[in-house]
1. Just to be sure I understand the filter: pairs with C-beta atoms under 6 Å, separated by 6 or more residues or on different chains, first member in the range 23-38 and in contact (Cβ under 8 Å) with a residue 40 or more places away in the chain and at negative phi, second member part of a loop (DSSP other than H, G, I, E, B) and not small (Gly, Ala, Ser). Which pairs pass?
2. Can you tell me which residues in the range 120-133 are surrounded by 14 or more Cβ atoms within 10 Å (Cβ to Cβ) and assigned to a strand (DSSP E or B)?
3. Tell me which residues, restricted to the range 114-159, are aromatic (Phe, Trp, Tyr) and at pLDDT 75 or above.
4. Every residue in the range 6-28 that is surrounded by fewer than 18 Cβ atoms within 10 Å (Cβ to Cβ), in a helix (DSSP H, G or I) and not acidic (Asp, Glu), please.
5. Could you list, ordered by first residue, the pairs with Cβ atoms under 6 Å in which the first is in the range 63-86 and of a type outside the set (D, E, K, R) and the second is in a helix (DSSP H, G or I), at least 6 apart or interchain?
6. Given the criteria of a type in the set (Ser, Thr, Tyr), more than 16 Å from the chain's Cα centre (by Cα) and closer than 30 Å to GLN139 by Cα, does SER20 qualify?
7. May I ask you to verify whether ARG111 is surrounded by fewer than 19 Cβ atoms within 10 Å (Cβ to Cβ), within 25 Å of ARG138 (Cβ to Cβ) and basic (Lys, Arg)?
8. Of everything in the range 85-119, what is part of a loop (DSSP other than H, G, I, E, B), among the polar types (S, T, N, Q) and either farther than 18 Å from LYS17 by Cβ or more than 14 Å from the chain's Cα centre (by Cα) (or both)? Give them in sequence order.
Amino acid sequence: MAPLGASPRLVLLFSGKRKSGKDFVTERLQSRLGGNVCAILRLSGPLKEEFAREHGLDFQRLLDASTYKETYRRDMICWGEQKRQADPGFFCRKIVEGVSQPIWLVSDTRRASDIQWFQEAYGAVIQTVRVVASEQSRQQRGWVFAPGRGHSASLGHLQ
């Protein structure tokens, strides 16, 4: 069931590998449609915010691509998976709270359970979008293969 007050006309769920261009595509769409019509929602935001709050960490530093975030990555992944096991819609509900725009772009859909939650909550207005880029393009954007990063349970079945 959809959270109270939330009635989007369109919800696009974006997935893709790291550095494939998901943020670029969603930001371009929003700039074309306008911020009053289109909202970018990021599932990783409330995860990092809640993790920081519960563990006394600096939320802003968890948002950037820093060694600070990398220090806590593994613990944050485990914590997030525990939250999802207890309540698969926990982070999905957090990102839609108070969104008034009629078009939602979820820029970091990583799990089949996220898609399922949105489909159950909003039905026919859901569309999935897969962003694909060559390995060469991803490398030019800063992607570097790192064992255990980008291939863990944190990325679910959509990667």
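1. As it stands, the answer is VAL25/VAL131; VAL37/GLN101; CYS38/GLN101, since those pairs meet every condition given.
2. The answer is ILE126, THR128, VAL129.
3. The initial filter retains those residues of the range 114-159 that are aromatic (Phe, Trp, Tyr), namely 117-118, 122, 143, 145.
The answer is TRP117, PHE118, TYR122.
4. The answer is PHE24, VAL25, ARG28.
5. Sorted first by the residue in the range 63-86, then by its partner, the pairs are TYR68/ARG61; MET76/PHE51; ILE77/SER154; TRP79/PHE51; GLY80/LEU47.
6. Details: of a type in the set (Ser, Thr, Tyr): yes; more than 16 Å from the chain's Cα centre (by Cα): no; closer than 30 Å to GLN139 by Cα: yes.
Spelling it out, it is not the case that SER20 is of a type in the set (Ser, Thr, Tyr), more than 16 Å from the chain's Cα centre (by Cα) and closer than 30 Å to GLN139 by Cα.
7. Details: surrounded by fewer than 19 Cβ atoms within 10 Å (Cβ to Cβ): no; within 25 Å of ARG138 (Cβ to Cβ): yes; basic (Lys, Arg): yes.
In short, no.
8. Result: SER100, GLN101.
The values are calculated or read from the model by the stated rules, or taken from the named source; none is laboratory data. Bear in mind the structure is a predicted one, so any value in this text is a computation, not a measurement. Neighbour counts are summed over all protein chains in view; Cβ atoms, including those assigned to glycine, are modelled from backbone coordinates with ideal geometry.
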